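> Before anything else, here's the structure in question.
The values are calculated or read from the model by the stated rules, or taken from the named source; none is laboratory data. Predicted model, so just to flag it, every value in this text is computed and none were measured. Methodologically, a virtual Cβ is constructed for each residue, glycine included, from the backbone with ideal geometry; neighbour enumeration extends over all protein chains shown.
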């Protein structure tokens, strides 16, 4: 039943996406030619066979004309020939990599292809790890955490040694502030794959939320031994060291985080606290001024872009 339900839903999504593509009128720079005008008219009238024939004739006569490839891709999409449409759009982008029309249609066709692959997987192997994982991710995208957890648990029953699924469950538990449960899943993943960054960082984040700075430090050091270029891990380690009363040890980690991501406000805020604890008032003031400067810059950027979304990474 799950495969049938998902298949029905995806068929509707694919149909809607295809319909949206056909209704979107683009400014084809060569639509003044009689062949393209006729092709577009046939496309909008629903005569896809004639539209495709005209488009194919046009690209054969004008292989370096972008509008012809766009029209051909749209007719192929209308006929459900998504792989061919993808190829036509790639040829269009070879002619003009910055073509907004080609990029737009490529995104839409790629979405349809991925949905079709999703449906094929669900229908052919509904009880596989990947099928359950994709279902879980689909539920998460729709903010249905309980259903996502059930699918991840089903995937884990199929493969109890899947580090990827164990980490996914750890991340899900952590996002819900279920830190003890998250630590169990991260711990299992870490035992199976000691060199896995996600489980090491995730455990550190859980310990930090639980106010267990000592274990958080151990986990973040392990994460950095795996990936020393992680600004988030350097920041989190600096935070943990600061909470553990080791301000001097925190400063190099926080400086490294700020160097790796120059706009990281949190690093400067924590540096100000660390310097303050060490009695270094001048350095603390400089770090605080830098943090405030970045905050003002962030506000200005948000006003310009019309977005109030957080643009800086936070330790999770």
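> Inside the range 91-206, counting only helices (runs of 4 or more DSSP H) that do not spill past its ends, which hold 3 or more residues that are surrounded by fewer than 17 Cβ atoms within 10 Å (Cβ to Cβ), in the same structural domain as residue 79 (by TED's automatic domain parsing) and under 21 Å from the mean Cα position of the chain (by Cα)?
On the way: elements: 100-124, 129-141, 145-158, 163-175, 179-192.
So the answer is 100-124.
> While we're here: Taking the range 207-216 on its own, how many of its residues are surrounded by fewer than 24 Cβ atoms within 10 Å (Cβ to Cβ) and in a helix (DSSP H, G or I)? Outline the logic, then answer.
We begin by selecting, within the range 207-216, every residue surrounded by fewer than 24 Cβ atoms within 10 Å (Cβ to Cβ); these are 207-215.
With in a helix (DSSP H, G or I) added as a condition, the list becomes 207-209, 213-215.
Counting residues in the range 207-216 that are surrounded by fewer than 24 Cβ atoms within 10 Å (Cβ to Cβ) and in a helix (DSSP H, G or I) gives 6.
> Would you check which residues across the range 58-78 are surrounded by 15 or more Cβ atoms within 10 Å (Cβ to Cβ) and without any contact (Cβ under 8 Å) to a residue 40 or more places away in the chain and list them? Lay out the reasoning, then the answer.
The initial filter retains those residues of the range 58-78 that are surrounded by 15 or more Cβ atoms within 10 Å (Cβ to Cβ), namely 58-59, 62, 65-78.
Answer for the range 58-78, where residues must be surrounded by 15 or more Cβ atoms within 10 Å (Cβ to Cβ) and without any contact (Cβ under 8 Å) to a residue 40 or more places away in the chain: 58, 59, 62, 65, 66, 67, 68, 69, 72, 73, 75, 76.
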